[in-house]
Amino acid sequence: MKNLKNKLTKERLTAIAKITGASYSILEKHLALESPTPFLKSQEQHYSLKESIYLHNDFENLLHVKLLDYGSKFEEDQLERNIGSSDREPLELKISEIDYKHQKVVLEGSIYGDLLHASANDPIAKFLIAGFKPGDYKKLDLYKTLTCEAYLLESRGDTKLSFFTYFTAIESFAALKIQDYKSSVHPELHHALEHLSLDDKIKIAGRESCSTDDLSTIPAWGDVIGEFKKAQKLRNKIAHAHSRVEVSTEQVDSVFYCLAGLIAIMNSKKYDFISIRKHLFP
(Lines give C-alpha, C1' and ligand atoms only; values in the text may rest on other atoms or scores of the structure.)
Protein backbone atom coordinates (compact mmCIF):
# COMPACT_ATOMS: atom_id res chain seq x y z
CA MET A 1 0.00 0.00 0.00
CA LYS A 2 2.70 2.47 1.00
CA ASN A 3 4.76 1.68 -2.12
CA LEU A 4 1.71 2.25 -4.33
CA LYS A 5 0.90 5.58 -2.69
CA ASN A 6 4.50 6.75 -3.03
CA LYS A 7 4.59 5.80 -6.72
CA LEU A 8 1.30 7.58 -7.38
CA THR A 9 2.70 10.71 -5.75
CA LYS A 10 6.16 10.71 -7.32
CA GLU A 11 5.21 9.40 -10.77
CA ARG A 12 1.76 10.89 -11.17
CA LEU A 13 2.04 11.51 -14.91
CA THR A 14 2.81 7.83 -15.63
CA ALA A 15 -0.36 6.78 -13.82
CA ILE A 16 -2.40 9.53 -15.50
CA ALA A 17 -1.22 8.33 -18.91
CA LYS A 18 -2.16 4.73 -18.05
CA ILE A 19 -5.62 5.74 -16.84
CA THR A 20 -6.44 8.08 -19.72
CA GLY A 21 -4.54 6.53 -22.62
CA ALA A 22 -2.25 9.52 -23.16
CA SER A 23 0.88 8.76 -25.17
CA TYR A 24 4.50 9.91 -24.98
CA SER A 25 6.29 11.20 -28.06
CA ILE A 26 9.64 12.76 -28.88
CA LEU A 27 9.07 15.61 -31.31
CA GLU A 28 11.56 17.78 -33.19
CA LYS A 29 10.62 21.32 -34.23
CA HIS A 30 12.54 23.76 -36.41
CA LEU A 31 13.73 26.96 -34.69
CA ALA A 32 13.49 30.30 -36.47
CA LEU A 33 15.58 32.01 -33.75
CA GLU A 34 13.12 34.89 -33.42
CA SER A 35 14.65 37.83 -31.55
CA PRO A 36 13.29 41.10 -30.15
CA THR A 37 16.84 42.48 -30.39
CA PRO A 38 17.36 44.80 -33.41
CA PHE A 39 19.09 42.81 -36.15
CA LEU A 40 22.50 43.93 -37.42
CA LYS A 41 23.45 42.28 -40.70
CA SER A 42 26.76 40.37 -40.77
CA GLN A 43 27.62 41.51 -37.27
CA GLU A 44 28.18 39.47 -34.16
CA GLN A 45 26.32 40.60 -31.07
CA HIS A 46 24.19 39.36 -28.20
CA TYR A 47 20.63 38.47 -29.20
CA SER A 48 17.74 37.77 -26.86
CA LEU A 49 15.48 35.03 -28.19
CA LYS A 50 11.76 34.45 -27.77
CA GLU A 51 10.01 31.93 -29.97
CA SER A 52 6.60 30.26 -30.01
CA ILE A 53 6.38 26.59 -31.00
CA TYR A 54 2.91 25.41 -32.03
CA LEU A 55 2.00 21.77 -31.46
CA HIS A 56 -1.69 21.75 -32.44
CA ASN A 57 -1.01 19.79 -35.63
CA ASP A 58 0.68 17.07 -33.58
CA PHE A 59 -1.42 17.06 -30.39
CA GLU A 60 -5.04 17.79 -29.57
CA ASN A 61 -4.32 18.06 -25.86
CA LEU A 62 -1.12 18.40 -23.82
CA LEU A 63 -0.36 17.03 -20.37
CA HIS A 64 3.39 17.61 -20.15
CA VAL A 65 6.16 19.15 -22.24
CA LYS A 66 9.89 18.85 -21.52
CA LEU A 67 12.68 20.41 -23.58
CA LEU A 68 15.18 17.58 -24.08
CA ASP A 69 17.77 19.26 -26.28
CA TYR A 70 18.31 21.94 -28.90
CA GLY A 71 20.89 22.99 -31.49
CA SER A 72 21.96 21.99 -34.99
CA LYS A 73 22.39 18.42 -36.25
CA PHE A 74 26.01 18.34 -37.29
CA GLU A 75 26.17 14.73 -36.09
CA GLU A 76 23.39 12.14 -36.08
CA ASP A 77 23.14 11.64 -32.32
CA GLN A 78 24.19 15.04 -31.04
CA LEU A 79 22.91 18.61 -31.26
CA GLU A 80 25.52 21.38 -31.37
CA ARG A 81 24.75 24.66 -29.57
CA ASN A 82 27.78 26.63 -30.75
CA ILE A 83 26.08 27.78 -33.95
CA GLY A 84 26.40 31.56 -33.79
CA SER A 85 29.91 31.73 -35.31
CA SER A 86 31.30 32.43 -31.85
CA ASP A 87 32.09 30.24 -28.84
CA ARG A 88 31.60 33.21 -26.54
CA GLU A 89 27.93 32.53 -25.92
CA PRO A 90 26.34 29.38 -27.39
CA LEU A 91 22.64 28.99 -27.97
CA GLU A 92 20.75 28.88 -24.67
CA LEU A 93 17.03 28.10 -24.48
CA LYS A 94 14.45 27.15 -21.86
CA ILE A 95 10.68 26.81 -21.72
CA SER A 96 9.17 30.00 -20.33
CA GLU A 97 5.50 29.22 -20.93
CA ILE A 98 3.23 26.34 -21.91
CA ASP A 99 -0.20 27.24 -23.25
CA TYR A 100 -2.06 23.96 -22.79
CA LYS A 101 -5.28 25.34 -24.25
CA HIS A 102 -3.71 26.29 -27.59
CA GLN A 103 -0.94 23.65 -27.62
CA LYS A 104 1.79 26.29 -27.68
CA VAL A 105 5.24 26.31 -26.08
CA VAL A 106 7.21 29.53 -25.66
CA LEU A 107 11.01 29.28 -25.59
CA GLU A 108 13.24 32.08 -24.33
CA GLY A 109 17.00 32.39 -24.31
CA SER A 110 19.95 34.02 -26.01
CA ILE A 111 22.81 33.60 -28.44
CA TYR A 112 25.92 35.58 -29.32
CA GLY A 113 27.02 35.78 -32.92
CA ASP A 114 25.69 36.39 -36.40
CA LEU A 115 21.98 35.54 -36.29
CA LEU A 116 21.78 34.80 -40.02
CA HIS A 117 24.73 32.43 -39.71
CA ALA A 118 23.08 30.68 -36.75
CA SER A 119 19.72 30.35 -38.55
CA ALA A 120 21.41 28.91 -41.63
CA ASN A 121 22.53 25.95 -39.51
CA ASP A 122 18.89 24.80 -39.25
CA PRO A 123 18.62 24.60 -35.45
CA ILE A 124 15.92 22.42 -33.92
CA ALA A 125 14.38 21.85 -30.51
CA LYS A 126 13.67 18.32 -29.30
CA PHE A 127 10.74 17.84 -26.92
CA LEU A 128 9.36 14.99 -24.83
CA ILE A 129 5.59 15.38 -24.88
CA ALA A 130 2.78 13.57 -23.09
CA GLY A 131 -0.66 14.15 -24.55
CA PHE A 132 -3.27 13.09 -27.05
CA LYS A 133 -3.00 12.93 -30.82
CA PRO A 134 -5.61 14.85 -32.87
CA GLY A 135 -9.04 13.27 -32.50
CA ASP A 136 -8.18 11.09 -29.50
CA TYR A 137 -9.07 13.47 -26.66
CA LYS A 138 -12.63 14.02 -27.91
CA LYS A 139 -13.27 10.27 -27.67
CA LEU A 140 -12.42 10.03 -23.96
CA ASP A 141 -14.99 9.24 -21.29
CA LEU A 142 -15.77 12.19 -19.04
CA TYR A 143 -13.89 10.79 -16.04
CA LYS A 144 -10.72 10.63 -18.15
CA THR A 145 -10.97 14.24 -19.33
CA LEU A 146 -11.64 15.32 -15.75
CA THR A 147 -8.54 13.40 -14.65
CA CYS A 148 -6.48 15.28 -17.24
CA GLU A 149 -7.92 18.63 -16.16
CA ALA A 150 -7.23 17.86 -12.51
CA TYR A 151 -3.61 16.98 -13.31
CA LEU A 152 -3.06 20.27 -15.14
CA LEU A 153 -4.62 22.21 -12.26
CA GLU A 154 -2.34 20.33 -9.86
CA SER A 155 0.67 21.14 -12.05
CA ARG A 156 -0.20 24.84 -11.75
CA GLY A 157 -0.40 24.58 -7.97
CA ASP A 158 -4.18 24.93 -7.66
CA THR A 159 -4.61 22.24 -5.02
CA LYS A 160 -8.21 23.01 -4.09
CA LEU A 161 -9.63 22.96 -7.62
CA SER A 162 -7.42 20.00 -8.50
CA PHE A 163 -8.77 18.06 -5.51
CA PHE A 164 -12.34 18.96 -6.44
CA THR A 165 -11.82 17.90 -10.07
CA TYR A 166 -10.24 14.55 -9.14
CA PHE A 167 -13.23 13.93 -6.87
CA THR A 168 -15.61 14.83 -9.69
CA ALA A 169 -13.76 12.27 -11.83
CA ILE A 170 -14.59 9.65 -9.19
CA GLU A 171 -18.26 10.67 -9.37
CA SER A 172 -18.20 10.46 -13.16
CA PHE A 173 -16.51 7.05 -13.10
CA ALA A 174 -19.10 5.68 -10.65
CA ALA A 175 -21.94 7.08 -12.77
CA LEU A 176 -20.50 5.40 -15.87
CA LYS A 177 -20.29 2.03 -14.11
CA ILE A 178 -23.90 2.39 -12.91
CA GLN A 179 -24.95 3.25 -16.46
CA ASP A 180 -23.37 -0.01 -17.62
CA TYR A 181 -25.10 -1.90 -14.81
CA LYS A 182 -28.53 -0.48 -15.73
CA SER A 183 -28.63 -2.59 -18.88
CA SER A 184 -28.78 -5.75 -16.75
CA VAL A 185 -31.64 -4.73 -14.43
CA HIS A 186 -35.34 -4.05 -14.89
CA PRO A 187 -36.14 -0.56 -16.28
CA GLU A 188 -38.27 0.18 -13.22
CA LEU A 189 -35.08 0.21 -11.14
CA HIS A 190 -33.21 2.69 -13.33
CA HIS A 191 -34.52 5.80 -11.59
CA ALA A 192 -33.61 4.45 -8.17
CA LEU A 193 -30.09 3.56 -9.33
CA GLU A 194 -29.48 7.03 -10.72
CA HIS A 195 -30.47 8.64 -7.42
CA LEU A 196 -28.37 6.52 -5.12
CA SER A 197 -25.73 8.19 -2.97
CA LEU A 198 -22.19 8.15 -4.33
CA ASP A 199 -21.18 5.66 -1.62
CA ASP A 200 -23.89 3.24 -2.72
CA LYS A 201 -23.09 3.69 -6.40
CA ILE A 202 -19.46 2.78 -5.73
CA LYS A 203 -20.46 -0.28 -3.68
CA ILE A 204 -22.85 -1.56 -6.36
CA ALA A 205 -20.35 -0.84 -9.14
CA GLY A 206 -17.65 -2.61 -7.14
CA ARG A 207 -19.75 -5.71 -6.52
CA GLU A 208 -20.78 -5.96 -10.15
CA SER A 209 -17.31 -5.29 -11.55
CA CYS A 210 -15.61 -7.72 -9.17
CA SER A 211 -18.40 -10.34 -9.34
CA THR A 212 -18.71 -10.57 -5.57
CA ASP A 213 -21.27 -9.81 -2.88
CA ASP A 214 -18.52 -9.31 -0.31
CA LEU A 215 -16.13 -6.49 -1.16
CA SER A 216 -14.06 -7.27 1.94
CA THR A 217 -12.59 -10.14 -0.09
CA ILE A 218 -10.92 -7.57 -2.37
CA PRO A 219 -7.60 -6.87 -0.58
CA ALA A 220 -7.22 -3.23 -1.66
CA TRP A 221 -10.87 -2.25 -1.32
CA GLY A 222 -10.95 -1.36 2.37
CA ASP A 223 -8.02 1.06 2.23
CA VAL A 224 -9.17 2.70 -1.01
CA ILE A 225 -12.67 3.25 0.39
CA GLY A 226 -11.23 4.50 3.68
CA GLU A 227 -9.33 7.20 1.79
CA PHE A 228 -12.44 7.88 -0.31
CA LYS A 229 -14.49 8.63 2.81
CA LYS A 230 -11.85 11.14 3.95
CA ALA A 231 -11.89 12.76 0.53
CA GLN A 232 -15.69 12.85 0.48
CA LYS A 233 -15.76 14.55 3.88
CA LEU A 234 -13.32 17.21 2.68
CA ARG A 235 -15.20 17.65 -0.59
CA ASN A 236 -18.46 18.29 1.30
CA LYS A 237 -16.68 20.69 3.62
CA ILE A 238 -15.38 22.67 0.64
CA ALA A 239 -18.78 22.67 -1.08
CA HIS A 240 -20.72 23.86 1.98
CA ALA A 241 -18.17 25.88 3.94
CA HIS A 242 -18.85 29.52 4.64
CA SER A 243 -15.19 30.12 5.43
CA ARG A 244 -12.00 29.35 3.53
CA VAL A 245 -10.98 25.67 3.45
CA GLU A 246 -7.35 24.86 2.70
CA VAL A 247 -6.43 21.74 0.73
CA SER A 248 -2.96 20.22 1.13
CA THR A 249 -0.94 18.39 -1.50
CA GLU A 250 -1.29 15.27 0.66
CA GLN A 251 -5.07 15.50 0.34
CA VAL A 252 -4.73 15.79 -3.44
CA ASP A 253 -2.48 12.71 -3.35
CA SER A 254 -5.15 10.89 -1.35
CA VAL A 255 -8.06 11.62 -3.69
CA PHE A 256 -5.98 10.62 -6.71
CA TYR A 257 -5.06 7.38 -4.94
CA CYS A 258 -8.81 6.70 -4.55
CA LEU A 259 -9.50 7.42 -8.21
CA ALA A 260 -6.60 5.31 -9.50
CA GLY A 261 -7.43 2.46 -7.12
CA LEU A 262 -11.12 2.31 -8.03
CA ILE A 263 -10.37 2.36 -11.75
CA ALA A 264 -7.73 -0.38 -11.45
CA ILE A 265 -10.02 -2.56 -9.34
CA MET A 266 -13.18 -2.18 -11.43
CA ASN A 267 -11.83 -1.78 -14.96
CA SER A 268 -8.70 -3.93 -14.87
CA LYS A 269 -9.55 -6.48 -12.15
CA LYS A 270 -6.43 -5.67 -10.13
CA TYR A 271 -7.44 -6.45 -6.58
CA ASP A 272 -4.31 -6.10 -4.44
CA PHE A 273 -1.77 -3.32 -4.04
CA ILE A 274 1.06 -5.08 -5.85
CA SER A 275 -1.01 -5.89 -8.93
CA ILE A 276 -2.42 -2.34 -9.00
CA ARG A 277 1.09 -0.90 -8.82
CA LYS A 278 2.38 -3.18 -11.58
CA HIS A 279 -0.64 -2.29 -13.72
CA LEU A 280 -0.21 1.47 -13.36
CA PHE A 281 3.58 1.38 -13.57
CA PRO A 282 4.44 -1.46 -15.99
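Out of (1) over 15 Å from residue 17 (Cβ atoms); (2) in contact (Cβ under 8 Å) with a residue 40 or more places away in the chain, what's the single condition that is false for residue 129?
(1)
If a residue counts only when it is of a type in the set (Asp, Glu) and within 20 Å of residue 143 (Cβ to Cβ), which helices (runs of 4 or more DSSP H) contained entirely in segment 185-282 have at least 3 such residues? Before you say what the answer is, go through the steps one by one.
On the way: elements: 190-194, 198-210, 221-240, 249-268, 273-280.
Helices (runs of 4 or more DSSP H) meeting the threshold: 198-210.
Report whether or not residue 53 is within 30 Å of residue 88 (Cβ to Cβ) and part of a strand (DSSP E or B).
Details: within 30 Å of residue 88 (Cβ to Cβ): yes; part of a strand (DSSP E or B): yes.
Yes; evaluated as a whole, the condition is true for this residue.
For segment 67-79, what are the residues that are in a strand (DSSP E or B), among the acidic types (Asp, Glu) and without any contact (Cβ under 8 Å) to a residue 40 or more places away in the chain? Steps first, please.
Kept after step one, since they are in a strand (DSSP E or B), are these residues of segment 67-79: 67-75, 78-79.
Narrowing further to those that are among the acidic types (Asp, Glu): 69, 75.
75, the sole residue that qualifies.
When the residues of segment 99-143 are narrowed to those that are in contact with a helix residue (DSSP H, G or I) (Cβ under 9 Å, 6 or more places away or on another chain) and part of a strand (DSSP E or B), which ends up surrounded by the most Cβ atoms within 10 Å (Cβ to Cβ)?
111
For the list (1) surrounded by fewer than 20 Cβ atoms within 10 Å (Cβ to Cβ); (2) in contact with a helix residue (DSSP H, G or I) (Cβ under 6 Å, 6 or more places away or on another chain); (3) not β-branched (Val, Ile, Thr), I need the number of the one condition that residue 250 fails.
The failed condition is (2).
Restricting to segment 253-279, name every residue that is hydrophobic (A, V, I, L, M, F, W, C), touching a residue at least 60 places away in the same chain (Cβ under 8 Å) and either under 16 Å from residue 174 (Cα atoms) or not assigned by the TED database to the domain that holds residue 155 (or both).
255, 256, 258, 259, 260, 262, 263, 266
Would you point out which residue out of 26, 16 is outside any loop (DSSP other than H, G, I, E, B), modelled with pLDDT of 95 or more and surrounded by fewer than 14 Cβ atoms within 10 Å (Cβ to Cβ)?
Working: 16 fails: surrounded by fewer than 14 Cβ atoms within 10 Å (Cβ to Cβ).
The match here is 26.
The values are calculated or read from the model by the stated rules, or taken from the named source; none is laboratory data. A quick note: this is a predicted structure, and the numbers were derived from the prediction, not measured. Because the Cβ atoms are built from the backbone with ideal geometry, glycine has one as well, and the counts that use them run over all protein chains shown.
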